[in-house]
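Here is the structure we will look at, set down as structure tokens.
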């Protein structure tokens, strides 16, 4: 198979070579770009004389992107990956894959379309990928590792990478409506898959449509609808998910005294159920476990005309049984099946360790690319307040934020307070309080040598009353810092750090395969996890950069002394945009 | 603007109010129950302490706890060592649901013997014990291929290589069921295949689909924890219409040759002591050689081959096999419909 792919890619490359030679005649017909990365890590356990361990890994990777315009207004894009793992020998460890394939274009100057691998983000309650636990508001800390994880997992902003078709068109209106935008997509997050000769998973389809209206007098509105559904007859499962979600928003913008304001009212609903297929006769007999949930909220954003400051307040209520697979699926997998790839077991007893700061920052395999039909497990150490983003169910509360931009500095403050709407395992309700404060300081634009330093601290507090068993109290802190200094032209010394601390206890939800909450796992958190990085970065040109870092990371769980770990990592990466 | 804003807010509040009306007070099991003090409210009870499984009797078990727990119920034959387990997460065992029909999780089979019943709860030290007396053992139903008690099945053919200490024969010791089993063992340094037994079958009356048709077979792995490297049982089922043994110059039956419609399954590796019992759906057999319509049809099965294979010493991949005989005895070969033999009620 690999041989055929290699042959195919060689054919493509030779053809592209030819096409580039003819580019002078028709410069827009064929072109080639891509990305190349050489990555190497060497990990070592520190202070473990009983079980000294060292492991190295890495690869050379070349992603070639041929772009072809078969006709005007249509582009065919493919991404062909050639990857060679370090230690590969005579072709072993070398992979050639078609990583992405897409046809995109414009029909009759009206309808834009994409077919194949598409990146989609609809709304925060229908289809949206929240950045989640690795979030750094300034975006600088461990940038190399985060870019690596994002690139390998197709993370692009808040969009999910899906396979299917998407199209949109905009129309000009008259009278009260100035513009109408229509957008629709049909994707297949999971294809039918044979489990054995007699059993197979059904196709899972995610489809949606969006209508946006821009009216006069600064009014506008959005209506989003998405449906996740298994196609029962394409597989042999008894339970097939059906999850329609609707989200409507109404905006009003205003300008007053040099201040821009935007009011938003939003609401929506969802239904999550399982279509039951009778395995004896193959017929779909009805719905099971149907749960309906709604949400509603008000938002007020305000910003200075010169963008020197901005702020906002919001109030929102999300029903306990609001379910939206596209918006609540997490970027990172914290289930027990997700095992860190670096030193997964520690200590003399070789116990599996919990996911640490290092893993969510730099472990490519911890990330999740799929849309989950049920709520995924969470990690309270990193986020216990809104673990499923804005669409987190069972929350009622308010948020506020303010950001001030100075000439060389930025300051940010975020605060929120939520409460549950329905107790979990008790009628007592949790309350969640969160605060985040951060600042970034940059060198003056005229400075001969640039520097930058940024920091952000996020504190979350969870509290629940009741009996001794029902009580919950959890305090977590996540502190992120990053700094860079240009020692020589295009030669930077950079460092990053993140420290996560948790104290208290919480109950984690244990859900069945159908998403039903049937048990709780009491988790005692007396844990500290950290990661630091010190390294150099050299930009060889606008498109080529090289980084070498020395990272030290660890975690210390007072309740599981055997899972204590201290490790170091040498991290080298050379990247080139082609 | 003011009118529209008011309408929006009213709609919003209506929605909040509506959704709030359907909210339960709490979701999930009560934490006070789950993590509270564990108590046995109703002790372990058996509906029948002297069951005669041969006449279709059964035993139901009941018990009630103060909270949902992970429980495990183990029935162990004091003479045979046979075991049957039930486990679940619940606060109560209902005698209508937790029912034992005399079957076992794996071989050996239960005998007419005293059995110990032990109920344990995760996280609790105390165990709840009862006893029962099996007055009659369960009779399993199915299509018998071979139990070897009266010798080899009619028409069976045995072939084996000219190796060392070859034992492809009936044996009285260590039989799984009855008084004889079929031994397969020996040492062949130059080839994977040591030998096999071919048995003709007529299943023309069977109506089950491949998914609901199971081959059940007991396999004896060895003793003293010493096993030849990568030894396994190779099972072939043939749907060929060719005569079973027309060519007497062949090593054994003709229906497994290249070009015949043959399906294959391997029990690999065989690396356990004593007997284990396997149930393999016919649908999980893979195509060995294409010849017919390549659709697994139980009623078309004409013969079965059970062979012993092991990594040959001369290959250089298994140096230890120069000093050890491969062994995988078989017994109590049955076809069952709908359920594996050990899951029959």
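Just so you know, all these numbers are worked out from the coordinates, no wet-lab data involved. Remember, predicted model here, so these are calculated numbers, not experimental data. Every residue, glycine as well, gets a Cβ built from its backbone with ideal geometry; the counts of neighbours run over all protein chains shown.
Relative to the present Cα-Cα distance, how much length would full extension add between residue A:29 and residue A:71 at 0.36 nm per residue of separation? Provide the component values of the computation, followed by the final result.
On the way: separation 42, 0.36 × 42 = 15.12 nm, distance 0.83 nm.
Extra length from residue A:29 to residue A:71 when fully extended: 14.3 nm.
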Hull-based mean projected area of chain B, where the convex hull spans the alpha carbons, in square nanometres: 29.1 nm²
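What area, in nm² and to one decimal, does the C-alpha convex hull of chain A cast on average over all directions?
Details: hull surface 128.6 nm².
If you wrap the Cα atoms of chain A in a convex hull and average its projections, you get 32.2 nm².
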Residue A:544-residue A:154 pseudo-label distance in nm [points 7 Å out on the Cα-to-Cβ vector]: 3.1 nm
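Once every DSSP H run of n ≥ 4 in the protein assembly as shown is given -39500 (n - 2.57) and the sum is divided by its residues, what mean residue ellipticity at 222 nm do you get, rounded to the nearest 500 deg cm²/dmol? Numbers along the way, then the final one.
Values: 6 runs with 64 residues, N = 923.
Value at 222 nm, helices only, nearest 500: -2000 deg cm²/dmol.
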Segment A:466-508 versus segment A:154-176: alpha-carbon centroid distance in Å: 35 Å
Burial ranking of peptide ranges B:235-243, A:315-323 (average Cβ count within 10 Å, highest at the top): A:315-323, B:235-243
Sites residue B:141 and residue A:163, calculated FRET efficiency, Cβ-Cβ separation with R0 60 Å, nearest 0.05: 0.75
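Expressed as cubic angstrom per residue, what is the convex hull volume of the alpha carbon set of segment B:195-280?
Details: hull volume 10.5 nm³, N = 86.
Considering the Cα atoms of segment B:195-280, their hull volume per residue is 123 Å³.
Extension gain residue A:336-residue A:447, at 0.36 nm per residue separation less the Cα-Cα distance, in nm? Mind dumping the intermediate values first?
Values: separation 111, 0.36 × 111 = 39.96 nm, distance 4.99 nm.
Taking 0.36 nm per residue and subtracting the Cα distance, the gain is 35.0 nm.
Just need the Rg to Rh number for segment B:69-175, please, alpha carbons only, Kirkwood Rh. Don't skip to the answer; put the middle values down first.
Details: Rg = 19.9 Å, Rh = 17.4 Å.
Across segment B:69-175, the Cα-based Rg/Rh ratio is 1.15.
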Inter-site label distance for residue B:112 and residue A:99 at 7 Å from Cα along Cβ, in nm: 7.2 nm
Near-label residues of segment A:520-542 by backbone N, under 12 Å of a point 7 Å along Cα→Cβ of residue A:487: A:535-538
Cβ neighbours within 10 Å from other chains - mean over A:507-519: 2
Whole-angstrom gap from segment B:275-334 to segment B:82-147, using each part's C-alpha centre: 30 Å
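Any chance you could run the full-extension gain for residue A:287 through residue A:572? It's 0.36 nm times the residue separation minus the Cα-Cα distance, nm to one decimal.
Contour length minus the Cα-Cα distance gives 97.3 nm.
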Using alpha-carbon coordinates, inclination of helix B:2-21 to the longest axis of chain B, degrees: 60 degrees
Protection proxy ranking of A:168-180, B:271-283, B:288-300 - average other beta-carbon atoms within 10 Å, highest first: B:271-283, B:288-300, A:168-180
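Round to the nearest 0.05 the FRET efficiency obtained for residue A:147 and residue A:218 when R0 = 41 Å and r is the Cβ-Cβ distance. Could you put the intermediate results ahead of the total?
Details: r = 38 Å, r/R0 = 0.93.
Efficiency, from the Cβ-Cβ distance: 0.60.
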Sequence ranges B:92-98, B:28-34, ranked by mean other-Cβ count within 10 angstrom, highest first: B:28-34, B:92-98
Percent RCO, i.e. relative contact order, over chain A, from Cα pairs under 8 Å lying at least 6 residues apart: 11 percent
Segment A:518-578 versus segment B:244-272: alpha-carbon centroid distance in Å: 56 Å
Average beta-carbon neighbours from other chains, 10 Å sphere, peptide A:103-114: 0
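Once you have the Kirkwood Rh of segment B:143-340 from its Cα pairs, apply Stokes-Einstein at 20 °C and 1.002 mPa s and quote D in µm²/s.
On the way: Rh = 17.0 Å.
My calculation gives 126 µm²/s for D.
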For residues of A:414-426, the mean tally of beta carbons on other chains within 10 Å: 3
Residue A:262-residue A:419 FRET efficiency (beta carbon distance; Förster radius 25 Å; 0.05 resolution): 0.40
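Averaged over every viewing direction, what's the projected area of the C-alpha convex hull for segment A:445-521? Give it in nm², one decimal, please.
On the way: hull surface 36.3 nm².
Mean shadow area of the hull around the Cα atoms is 9.1 nm².
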Label-point gap, in nm, between residue A:522 and residue A:300 - each point 7 angstrom along Cα→Cβ: 4.4 nm
